[in-house]
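K.L.:
For reference, the structure I am asking about is given below.
The values are calculated or read from the model by the stated rules, or taken from the named source; none is laboratory data. Not measured: the values here are computed from a predicted model. So basically every Cβ, Gly included, is an ideal-geometry build from the backbone, and we count neighbours across all protein chains shown.
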Amino acid sequence: MSRAAPLIIVIVTLALAAASLLTGTESISVARAWDEWRTNADVAPNWHILTQQRLPRTMLALLAGAGLALAGCSFQALLRNPLATPYTLGIASWGAFGAWVATIVVQTAAQSETGSFRSVLLHSDVIGFSFVQAAAFAFCLFNVGFIYFLANQRERLSPAVLLLAGVTMGMFANAGIMLMRFFALPSQLVNMDRWLMGGVDLLGAEPVITLIVGVVPCAIVLLLHAGQFDQLGFGPELAAGRGVNVRRLQAITFLTCSLMTAVIVSKVGPIGFVGLIVPHAVRSLTGSRHRILMPLSMAAGGAFLCFCDIAARQLFDAEIPIGIITAVLGGPFFLVLLVRRRFTDWD
């Protein structure tokens, strides 16, 4: 491991977070925003842009990127599979399915004679989630619970069963999405396709608070088990012989990562590649010790998503979805890692 790698990752993360705060269609000055707030907070355009638009967006990118990277790193250790991602178990597909179902329900309500039902759906707020976001979260939890139920039928929580059940459930969700698309109006297709591309362009503190509540506790739980992931890398039997409660570790990892991913997907949509490439990239710099790999993956995941969000705002005249940028950058990068055989943990 390069001794400078952790410091470099942290510095790059802070630099990209600062750059994200200063990136946008309107040029602002942090010093001027501070002066505006001190003199007259009610009439302070720079301050409001900074605190209501730029800061929440940057925080969402940092939190979502950190959570997805940590979940990817944990799932790769749990399943002992270099291709494992936060979405391997079908969480993203079921979140999208839930969002589609909610959209069709709102569409049906809009066509009813009275608009009361539609008004309730559009303006209801469930613990910080809109109706569509709440439906996406609920469908994610259903998928998680059902997969865990299937995998838990054996004496030991089988990673192979988890993986196969997740892939199968993802196929069911994709079939449901196609059915919803069949019934959807053209305007609904456009809106939902945009949601499926992911985005951190949300306003205000509420989405940030939701991600803090959903990501931070889960991250703490996973980081506390970092040493046990090192033992699990040698195989379940050897880990159990060294005092690791393998079944408990598998259950905690699966449920914690799934819950964290469900919160992220319900808020910012299914942003791909972060949980796949970031842990591998960090592993190539720092080695495979999870006490180092996991926190640095979080920092690098946040930095990567900040960079992609900056690119999404600056590359074209119109802002493009961040999921497109992560796919364009993540796909070739992962192929490079594949060719260079960086997957040493699974050799």
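K.L.:
Please specify each residue of segment 66-88 satisfying the condition of being over 21 Å from LEU224 (Cβ atoms) and not β-branched (Val, Ile, Thr). Spell out the reasoning first.
P.N.:
Let us first name the residues in segment 66-88 that are over 21 Å from LEU224 (Cβ atoms), namely 81-83, 85, 87-88.
Answer for segment 66-88, where residues must be over 21 Å from LEU224 (Cβ atoms) and not β-branched (Val, Ile, Thr): ASN81, PRO82, LEU83, TYR87.
K.L.:
Test each condition in (1) surrounded by fewer than 22 Cβ atoms within 10 Å (Cβ to Cβ); (2) modelled with pLDDT of 80 or more for SER116 and report the one that comes out false.
P.N.:
The failed condition is (2).
K.L.:
Still on this structure, please answer the following. If you go through segment 179-209, how many residues are among the basic types (Lys, Arg) and under 18 Å from the mean Cα position of the chain (by Cα)?
P.N.:
Going residue by residue through segment 179-209, those that are among the basic types (Lys, Arg) are 181, 194.
Those left that are additionally under 18 Å from the mean Cα position of the chain (by Cα): 194.
Here the count works out to 1.
K.L.:
Considering LEU63, LEU68, which residue is in a helix (DSSP H, G or I), hydrophobic (A, V, I, L, M, F, W, C), in contact with a Pro (Cβ under 6 Å, 6 or more places away or on another chain) and crowded, with 21+ Cβ neighbours inside 10 Å?
P.N.:
Step by step, each of LEU63, LEU68 is checked, and only LEU68 is in a helix (DSSP H, G or I), hydrophobic (A, V, I, L, M, F, W, C), in contact with a Pro (Cβ under 6 Å, 6 or more places away or on another chain) and crowded, with 21+ Cβ neighbours inside 10 Å.
K.L.:
Also, I was wondering about something else. Assuming SER266 fulfils every condition listed in (1) more than 30 Å from PHE97 (Cβ to Cβ); (2) in a helix (DSSP H, G or I); (3) touching a helix residue (DSSP H, G or I) at 6+ places or on another chain (Cβ under 6 Å) apart from one, which condition is it?
P.N.:
(1)
K.L.:
Somewhere in segment 284-299, is a residue farther than 20 Å from ALA219 by Cβ, in a helix (DSSP H, G or I) and among the hydrophobic types (A, V, I, L, M, F, W, C)?
P.N.:
For segment 284-299, residues farther than 20 Å from ALA219 by Cβ, in a helix (DSSP H, G or I) and among the hydrophobic types (A, V, I, L, M, F, W, C): present.
Let's see how each residue does on (1) under 21 Å from the mean Cα position of the chain (by Cα); (2) among the charged types (D, E, K, R); (3) surrounded by 20 or more Cβ atoms within 10 Å (Cβ to Cβ):
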residue	(1), (2), (3)
ILE212	yes, no, no
ALA219	yes, no, yes
LEU224	yes, no, no
GLU237	no, yes, no
GLY241	no, no, no
ARG247	no, yes, no
THR253	yes, no, yes
THR256	yes, no, yes
